[in-house]
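Enquirer: This is the structure I want to talk about, given as structure tokens.
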Amino acid sequence: MQTSFADLEYDRKKKVTRRDRFLADIEAITPWSALVAELEGFYPKGGGRGRPPIGLERMLRMYVAQQCFGLSDEGIEDAIYDSQAIRRFVGIDLSREDAPDATTLLKFRRLLEQNGLTQRIFEAINAHLA
């Protein structure tokens with residue numbers, strides 16, 4: 001994957017922001033593969049009509065960032081466009097793709113809530129930290 005000019009510029013900045021440090025800490029303490037495995041059975045696989053679903057880990061990262069910063073669905077969508085740190089955390093390169101929209105995140109959040117998966121996420125992270 002080729003590095004964009006925005007990535008190069010961001011890598012060369014001298015100051016590491018609080019947001020950068022915070023997201024690095026979240027990255028380090030979150031057992032992403034365990035969470036993805038926990039949620040895989042509930043996440044749509046695609047294969048039917050319409051757009052294919054966005055990757056589960058990307059949606060999970062977007063959801064975690066939303067919760068950490070107390071943002072609405074529209075707020076995290078805007079934050080992805082506004083913040084290189086959040087884009088990196090979520091794994092989005094705007095030169096190649098758009099950010100998932102607020103409606104997509106709403107549907108993901110509803111999937112988590114309807115299946116009691118937010119509690120599973122919380123328990124998996126607590127178990128990992130213990």
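The values are calculated or read from the model by the stated rules, or taken from the named source; none is laboratory data. Quick caveat: nothing in here was measured; it's all calculated off a predicted structure. FYI the Cβ positions are ideal-geometry reconstructions off the backbone, even for glycines, and counts take in every protein chain you see. We work out accessible area using only protein heavy atoms, side chains counted, and drop any ligands, DNA or RNA first. Shrake-Rupley method; radii C 1.70, N 1.55, O 1.52, S 1.80 Å.
Enquirer: Suppose all protein chains stay in the model; what accessible area per residue would a 1.4 Å probe give for the range 5-129, in Å²?
Expert: Values: 7760 Å² over 125 residues.
Counting only protein heavy atoms, the per-residue value for the range 5-129 is 62 Å².
Enquirer: With a ≥ b ≥ c the root eigenvalues of the C-alpha gyration tensor of the range 5-129, is it rounded (a/c under 1.5), prolate (a/b larger than b/c) or oblate? Could you put the intermediate results ahead of the total?
Expert: Numbers: a/c = 1.93, a/b = 1.29, b/c = 1.50.
Verdict is oblate for the range 5-129.
Enquirer: Here is a further query. Ignoring ligands, DNA and RNA, please state the percent of accessible area on the chain from carbon and sulfur, probe 1.4 Å.
Expert: Values: 4220 of 8310 Å².
Solvent-exposed carbon and sulfur of the chain make up 51 percent of the total.
Enquirer: Separate question: Give me the orientation-averaged projected area of the Cα convex hull of the range 58-130, in nm², one decimal.
Expert: It is 5.0 nm².
Enquirer: A follow-up question, please. For the chain, what's the relative contact order in percent, using C-alpha pairs closer than 8 Å and at least 6 residues apart?
Expert: In percent, rounded to a whole number, it is 31.
Enquirer: Tell me, in nm to one decimal, what length is gained between D101 and Q67 on full extension, where the rule is 0.36 nm per residue of separation less the Cα-Cα distance?
Expert: Difference between extended and current length: 10.6 nm.
Enquirer: Express in nm, to one decimal, how much length is gained between K45 and R21 on full extension, taking 0.36 nm for each residue of separation and deducting their alpha carbon distance.
Expert: Taking K45 through R21 to full extension adds about 5.3 nm, to one decimal.
Enquirer: If you don't mind, another one. When the Cα atoms of the range 40-91 are enclosed in a convex hull and the volume is divided per residue, what value in Å³ results?
Expert: Per-residue hull volume (Cα only) is 93 Å³.
Enquirer: Report R19's accessible area, 1.4 Å probe, all protein chains in place, as a number in Å² to the nearest 10.
Expert: 100
Enquirer: Can you tell me the order of 37-48, 76-87 when each peptide is scored by its average per-residue count of other Cβ atoms within 10 angstrom, highest first?
Expert: Ranking the peptides 37-48, 76-87 by packing returns 76-87, 37-48.
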